Structures are given as C-alpha cells and as structure tokens.
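One structure below.
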Amino acid sequence: MRFKTTLLSAAWCGVTLVGAHAHHEPDAEIPLHEREFEKESAEGLEKKWGFEWSFSGVSTFAHLEHVRCLTKPDTPFDIGILGVPFDTAVSYRPGARFGPRAIRAASARQTSFRGFNTRASINPYSSWAKVLDCGDIPVSPFDNAIALAQMTSAYLELGHRSSLSSSLAHPKIISLGGDHSLALAALRGLKKVYGKPIAVLHFDAHLDTWHPSKYPTPWPSKQADFTHGTMFWTASNEGLILNGSSVHAGLRTRLSGSDWGDYEDDDTQGFLRISSDDIDDLRPKGIIEKIMARMGTETPVYLSVDIDVLDPGLAPGTGTPEPGGWTSRELIRILRGIEGLNVVGADIVEVAPAYDGVGEQTALAGAQVAYEILTSMVKRGLVDMGKVSEVPKPTVKGGVKDEL
C-alpha cells in the first residue's frame, strides 16, 4: 500500500531548506496509522508482501510455487517436485508417508534469492526451467493395488504433458517418497513416455532386485509380490529397465539364505554393483568414474536415492537402517560428479521422520539431495542448449581445486 504524506512548508517562517536540512526528521513524519490510506496496485502489493524468509510461508519445497499439477493440465512446467506419501509396501519400519512433508520443511532454507550452486555456476530456481511444487499424489493407505494404480496413473498423466521450455520433450519429475516401491510406477510411466527401457542409477544399502519368494510367507499372494524390495525385480521382468546399463551404489545388505543367489538374480537383471566399502579404495572420484563409464551421457536415466544409503549415525530417520553407510558429504560429492547423466526422472525415498533426530538431519539430507539432482537437471538443460553455465567461474590463484 502507499500512503500520502504532507510536506510542511518552511517558507512562512523565513527558513530555506537546503542540503541535508531538506530531508524530514523522523519525528516530523506523520505516524503510519494517521496517514490517509490509499489502495495499492497488485504489482505494488506483490513487491511489498510477496517476499518470504526461510522460516515464513506455507511449506512447499524450497518456497516454490505450489500447483496441484495433476488437476491443472493447462499449467505447463519443466521440472515438478511431486510428493508420494505411500509406505504400506515396507518390510520393516513404516512412516515414510510423512517423508514428503519432512523434506519440504527441511528445504526451507533453499530460496530463489540464495540458491546459487557454486559447483554448477547456476541457481536452479532462477534459471531457464519452470520448477513447481506439484503437491502430492493422494495415495490410498488401504489398498496397495489401488495405490500402485494411482501412482502409475499420476506418472503417466504428468509425463505426457508438454513442458514449458521447448528444450525438453517432456517435463521431469523429482519424487519425494514415500517408500521405494514408488519407483515401479515411475518406471512404468517413463517407459511409456520415452518408448524404451530406462537405465536405473540406484543409491541404496539394499539390492531391491529381490525375487518376491525371498520374502517367505505361508500366505502368498500376488499383491504381496509388490514391496519396496522387489520393485526393480518386477520392473526388470516387465522390460522397464535397460539391462546392462544400470548401477547399484552404496550396497552393504545381508543376502538371503546361505549363498550368492541374490547376486545371481541381480546379475540377470543387468546391474553393476558398487558397495559402500568401495569408497575407501576408489574415493568419490572413482565411484563417479565407474558410474559414468557404465551409463554414459546420452542414455535416459532414472536416478533413485534411498536415504538409507547414508549411515544411520548420520541419517537415522529411515525404515531399514544399515550401519556402515556413506556420509552425506560423500553422497553429495558423487551426485555432483555425475551431473553429465541424462536424468529423465528421480526420487528421494524412505525418509521416515518419526525416527529422525531432533535436528531433522535425515530430512535435511533428503532436501539437499533433491537440490543437487534439480541443479544437475537444470545444468544438463543448459548443456543441451549449447551453454556451459550461466555465470563463468572466477579465476582462483593457483588454479581451481577439483572438489572430487
């Protein structure tokens, strides 16, 4: 709003106002509440009240504009943050249905006015891409068959939309889980949209390529085959995953039975395995080199990050914690090093805030992972446009340090 003020003329008393004396003293101003009110323009209101601090505003991811994308087909976007609050396909601790809410809250310090990513020389929130918080899929907590159908339908719907930028054939979705089983729905959608199998880069303590029979039960059912540990087995058997180009990273799981049968099943599905221990010998740079050599820069990739790839001492808020994991620093460095991948979709899953610490460290890690993936998607878009970055890096004495 704008207020009218009355300037008092000093001419009547023979005083000429010059220099600094021409400015009103604070005590000479009319109090705000006593001034004549005048309505402000919409532009003026937006300028005055459209700003948000990190601790203010309704909780969306990184204070992004919130649009229920599934119900707004006429609102185009390039990258959507989509919540998938589903956790009834887990084998141990439930609670990841609250993951999207926790990750959004933990992203509060990510803002467009302080979002510049120095490693990529871009601010993903103010670059070429239209990024929206697309809200949540209202997934049924009662019927897993219906839930899977809902998730698949949502990915098909959004994947077939037109992106805002002409540089993208389809909008890209970063999903906030929810348990890891959502990846099956996402891959079904991507296979339909792109018309071919998708390579999977899978950060996780566990294989998630287990044959359903590896979960023994005297009450078998077809629906029980759908879990957060079998979804890649199902996806592989449906021809959704590009055999021979996919990678597991951060593994440290125990195997079924008394032999290597789980690895043999995994080999059949065409995954390269990188264990958590490998980082001691290869360091992040070596892990990056193995991933890039396997996947290349042109193959469409689905990037799936189970937060339990991190050590539970650093990220306790998850459903199936395994000691001996990577640090958040190591994971972030690896994510930064693989920015050349052609990522067409991604997820951050298994954040279960009920088991998190008081400092929300697991959710914070999840929010940072989402930021790094988003940055790489935007950076890849610039590369595809023939640009290296938007802001040249400054010259550093002694050369630029390789952060890897």
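The values are calculated or read from the model by the stated rules, or taken from the named source; none is laboratory data. These numbers were taken from a predicted model, which means no experiment stands behind them. Methodologically, a virtual Cβ is constructed for each residue, glycine included, from the backbone with ideal geometry; neighbour enumeration extends over all protein chains shown. Note: accessible area is taken over every heavy atom of the protein model, side chains too, but ligands, DNA and RNA are not part of it. Shrake-Rupley method; radii C 1.70, N 1.55, O 1.52, S 1.80 Å.
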I need the helices of the chain that pass two filters: whole DSSP H segments spanning 30 Å or more by Cα along the axis, and mean Kyte-Doolittle score no lower than -0.5. 361-384
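Let me have the 222 nm mean residue ellipticity of the chain computed from DSSP H runs of 4+ only, each contributing -39500 (n - 2.57), with the sum over all residues rounded to the nearest 500. Could the numbers behind the result be given before it?
On the way: 9 runs with 112 residues, N = 404.
Result for the chain: -8500 deg cm²/dmol, rounded to the nearest 500.
What's the carbon and sulfur percent of the chain's accessible surface, probe 1.4 angstrom, rounded to a whole number?
Numbers: 11140 of 20070 Å².
So the carbon and sulfur contribution to the accessible surface is 55 percent.
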What does the accessible area of I146 come to, in Å² to the nearest 10, when a probe of 1.4 Å is used? 90
Rank these by accessible area, largest first, 1.4 Å probe: K192, K47. K47, K192
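Mind checking the alpha-carbon convex hull of segment 32-122 and giving the volume per residue in Å³? Write out the running numbers ahead of the final one.
Numbers: hull volume 18.8 nm³, N = 91.
Spelled out: Cα convex hull of segment 32-122, divided by residues, is 207 Å³.
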Along each of the three principal axes of the Cα atoms of segment 210-289, give the extent in whole Å, ordering the values from largest to smallest. 46, 29, 19
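Once the other residues with Cβ under 14 Å from the Cβ of Y263 are scored (Lys, Arg +1; Asp, Glu -1), what is the net sum?
Residues close to Y263 contribute a combined charge of -3.
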About its Cα centre, the chain carries a charge dipole, from +1 on Lys and Arg Cβ atoms and -1 on Asp and Glu Cβ atoms, whose size in debye to the nearest 20 is 900
Links that overshoot a 21 Å alpha carbon limit, given the list K191/K285; K48/K379; K172/K379; K172/K196: K191/K285; K48/K379
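What net charge is computed for the residues neighbouring S167, neighbours being all others with C-beta under 11 Å from the C-beta of S167, Lys and Arg scored +1, Asp and Glu -1? If you can, show how the numbers build up before the last one.
Values: positive: R380, K387; negative: D78, D384.
Every neighbour counted, the sum reads 0.
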Projected label distance in nm at A354 and S54, using a 7 Å step from Cα toward the beta-carbon: 2.9
Stretchable slack from V388 to T268, in nm (0.36 nm times residue separation minus alpha-carbon distance): 39.4 nm
Can you give the accessible area per residue of the chain, in Å², using a 1.4 Å probe? 50
Answer with one residue from G80, S107, A42: the one whose Cα lies farthest towards the positive end of the charge dipole of segment 38-148, charges on Cβ with Lys, Arg +1 and Asp, Glu -1. S107
Cα-based shape type of segment 72-385, given that a ≥ b ≥ c are square roots of the gyration tensor eigenvalues and the cut on a/c is 1.5: rounded
Given the options P216, L201, W233, identify the residue whose Cα lies farthest towards the positive end of the charge dipole of segment 72-385 (+1 on Cβ of Lys, Arg; -1 on Cβ of Asp, Glu). L201
Under 21 Å between alpha carbons, and skipping anything fewer than 8 positions from K222 in its own chain: which lysines qualify? K214
For M295, solvent-accessible area (1.4 Å; no DNA, RNA or ligand), Å²: 10
Per GNM of the chain with C-alpha springs under 10 angstrom, the most fluctuating residue out of S112, S175, S246 is S112
Heavy atoms of L255 accessible to a 1.4 Å probe, total area in Å² rounded to 10: 50
Size of charge dipole - segment 191-348 - debye, nearest 20, with Cβ of Lys, Arg +1 and Asp, Glu -1, no other charges: 460
